[in-house]
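Reviewing the structure listed below.
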Amino acid sequence: GGGSMKRRAGQREKELKKKKLLEELGENQLPYMTPAHADFHQLWKTKYSKLVFRKSDTVPEELHQTVQKGFLTLREHDCFFQDLVRIKGKDFLTPVSRILIGNPGCTYKYLNTRLFTVPWPTEGYDIKYCSPEIHDACKALIRLNDYLHIEAVKALQGQNLLETKEIKDTAVTDREQSSATSLTEQSSVPKDQSHVCVPEDDSTSLKNRTSYNVTLLNYMDPLQMLYLKQEPYFGMGNMAVSWHHDENLVESSVVAVYNYSCEESAVEESNDQDVKGRDPAVWHVGLKVAWDIETPGLAMPLHQGDFYLMLDDLNMTHQHCVLAGLSPRFSSTHRVADCSRGTLEYIFGQCELALQNLQAESDLMAWSVKSLEAAVVKQAEEIHNEVEFEWLRQFWFQGKRYLKCTDWWLKPMAKLEEFWRKMEIMTSLVLSEIQKQQEIEEQRNETISCFLLVLKERQKLRKEWTVR
């Protein structure tokens, strides 16, 4: 519908902007800085202050060990998969392999691909894992999640990013002073300051912006990759993940990324580091201000056990990429996914809503539709499309890969399929009812045109999914 047309227009606009940017650049590359630059900290403080970085030694050693063991377990059990994603109508396999772990029944959609969580151990849910090791790995990640949640809260407090707009202006001067220290220190907020004052009218409250419901785990061994894209604007070298904004997140929510590069001491900084660029042996996160060629880029080296936070609107105002080093690397990227339309609870609710228009006849072998009102028919058919294309096909097209970890999704998927079968019956009933009504009147025409529109969309999407 209108949404996808708007998206396409936005896509085109972005393409043009990008083309114009690259033309303006020509052969020249924009400057970027690493910590080896004298002005690095000044640039970070002024243009990238909402990037918070924590060195590995700020994290409890025992948590490192548990989490890193969890990563290796998931790799041993072949739980990481390249995703088939869709960009501008074409399908690509991601160079990075991923798995989504998080709240039961929650999903995360990126680049037209819906990932379904391997549920982490959650009170009140009976989750069967394929092995005790996988259970332990998921448990390690929920522990990391809790830890990063607390760190995110402290970081927001430390940067005064919680008050409403009015207070913000007065707090700026204190913030400038504290942010220089808070970027490098573990936290500029004393441990005991746990009471947070968040105004009630702040629409996205502290909790909403830091309560991660999923983590998207990434794994890549760069030496296994035949070809990696080169970073185009700054000449930063091999990219594992191209420039992007993270999508499908709650507005202004914090993203936390824990890095585990499996570096041998051999891969540590090569000594002939020339100040010009980044060390190609070391993994980095790259940042740039979106649509801006004045501000130099930033390339932040990532070592085993480091983590960083993208606070507030950084993910909107800036883009980031991941620059590959030489060693294999895992990361755990914790997010507040916007799952208003992405949970099982939601889609089951939608199904119940659609099926209110279907009633069993007294002999129980037959069904009939209650209403042929245009709005009722349209709603039911749109939900029919939603359950088919956003859930059933998304789930099955990536194969049965989740079964390597857990069978948790099989029951709900079977239930959704039952609902879908009933909706198929409903569609054919509406069709025959419309054909029965001979008299051509306003209301019938309206119903027919709504109905046809949704059916055409269904046809188009079925073809598209068959191709995928």
Check: Using modelled amide H (1.01 Å from N, peptide plane; none on Pro or chain starts), what sits under 5 Å from the amide H of Val241, excluding residues fewer than 5 places away?
Finding: Val322
Item checked: Whole-number percent relative contact order across the range 344-465, with pairs defined as alpha carbons under 8 Å at least 6 apart -> 37 percent
Check: Quick one: Karplus J couplings for the range 411-426, per residue in order, coefficients 6.51, -1.76, 1.60, θ = phi - 60°, nearest Hz, x for Gly and Pro?
Finding: 5, x, 5, 4, 5, 4, 5, 4, 4, 4, 4, 5, 5, 4, 4, 4
Check: Averaged over all directions, how much area does the convex hull of the C-alpha atoms of the range 344-465 cover when projected, in nm²?
Finding: 8.6 nm²
Next item on the list: Only Lys, Arg, Asp and Glu count, each charged at its Cβ (+1, +1, -1, -1), so figure out the dipole size of the range 344-465 about its Cα centre, rounded to 20 debye.
Entry: 740 debye
Note to self: Skipping prolines and chain starts, which residues have an amide H placed within reach, meaning under 5 Å, of the one on Met33, given they are 5 or more residues away or on another chain?
What the structure shows: Gly297, Leu298, Ala299
Next item on the list: Over the range 344-465, with every protein chain in place, what whole percent of the accessible area is carbon and sulfur at 1.4 Å, could you tell me?
Entry: 55 percent
Check: Rounded to the nearest whole Å³, what is the per residue volume of the convex hull around the Cα atoms of the range 241-366?
Finding: 166 Å³
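Run through the DSSP bridge list for the chain and note the antiparallel percent, rounded to the nearest 5.
On the way: 57 of 61 bridges.
If we restrict to bridges inside the chain, about 95 percent are antiparallel.
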Checklist line | Net length gained if the chain between Arg444 and Leu226 were fully extended (0.36 nm per residue, minus Cα distance) | finding: 72.6 nm
Notebook entry, point to check: With labels modelled as points extended 7 Å from the Cα through the Cβ direction, what inter-label distance (nm, one decimal) is found for Leu21 paired with Glu61?
Noted result: 4.3 nm
Next item on the list: Starting at the first residue of the range 43-58, write each ³J(HN,Hα) from the Karplus equation 6.51 cos²θ - 1.76 cosθ + 1.60 with θ = phi - 60°, in whole Hz, x for Gly and Pro.
Entry: 4, 4, 5, 8, 10, 10, 5, 8, 8, 10, 10, 10, 6, 3, 6, 7
Next item on the list: State, as an integer percentage, the relative contact order of the chain based on alpha-carbon contacts under 8 Å between residues 6 or more apart.
Entry: 19 percent
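Provide the per residue accessible area, probe 1.4 Å, for the chain, rounded to a whole number of square angstrom.
Per residue, the chain has 50 Å² of solvent-accessible surface.
To the nearest 20 Debye, how big is the dipole of the range 347-392 about its Cα centre, given +1 on the beta carbon of each Lys and Arg and -1 on that of each Asp and Glu? Provide the component values of the computation, followed by the final result.
Numbers: 2 positive and 9 negative charges, 25 e Å.
Computed charge dipole of the range 347-392: roughly 120 debye.
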Next item on the list: With θ set to phi - 60°, apply the Karplus curve 6.51 cos²θ - 1.76 cosθ + 1.60 along the range 318-325 and write out the HN-Hα couplings as whole Hz, x wherever there is a Gly or Pro.
Entry: 10, 10, 9, 9, 10, 9, 6, x
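For the chain, what is the mean residue ellipticity at 222 nm derived from helices alone (per DSSP H run of n ≥ 4: -39500 (n - 2.57); sum divided by total residues; nearest 500 deg cm²/dmol)? Could you put the intermediate results ahead of the total?
Details: 12 runs with 186 residues, N = 468.
Taken over the chain, the calculation gives -13000 deg cm²/dmol.
Find out how many positive minus negative residues lie around Ala152, taking Lys and Arg as positive, Asp and Glu as negative, among other residues whose Cβ is under 13 Å from that of Ala152. Before the final figure, lay out each step's value.
Details: positive: Lys50, Arg54, Lys154, Lys207, Arg209, Arg335; negative: Asp146, Glu151, Asp312.
Taking every Cβ under 13 Å from that of Ala152, the sum is +3.
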Next item on the list: In nm, give the distance between the simple-model label positions of Glu294 and Glu361, each being 7 Å from the Cα along the Cα-to-Cβ direction.
Entry: 7.2 nm
Checklist line | Under 5 Å, built H, 5+ apart or other chain: amide partners of Val118 | finding: Leu100, Ile101, Gly102
Next item on the list: Working from Cα positions, state the angle (0 to 90°, nearest 10) between the long axis of helix 442-467 and the longest principal axis of the chain.
Entry: 50 degrees
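Once you keep just the Cα pairs under 8 angstrom separated by 6 or more residues, what percentage relative contact order results for the range 42-108? Mind showing how you got there, number by number?
On the way: 30 pairs, mean separation 11.9, N = 67.
Contact order relative to length: 18 percent.
The values are calculated or read from the model by the stated rules, or taken from the named source; none is laboratory data. As the structure is a computational prediction, the values presented were derived from the model and not from experiment. So basically every Cβ, Gly included, is an ideal-geometry build from the backbone, and we count neighbours across all protein chains shown. Please note that ligands, DNA and RNA were not included when accessible areas were found on the heavy atoms of the full protein model with its side chains. Shrake-Rupley method; radii C 1.70, N 1.55, O 1.52, S 1.80 Å.
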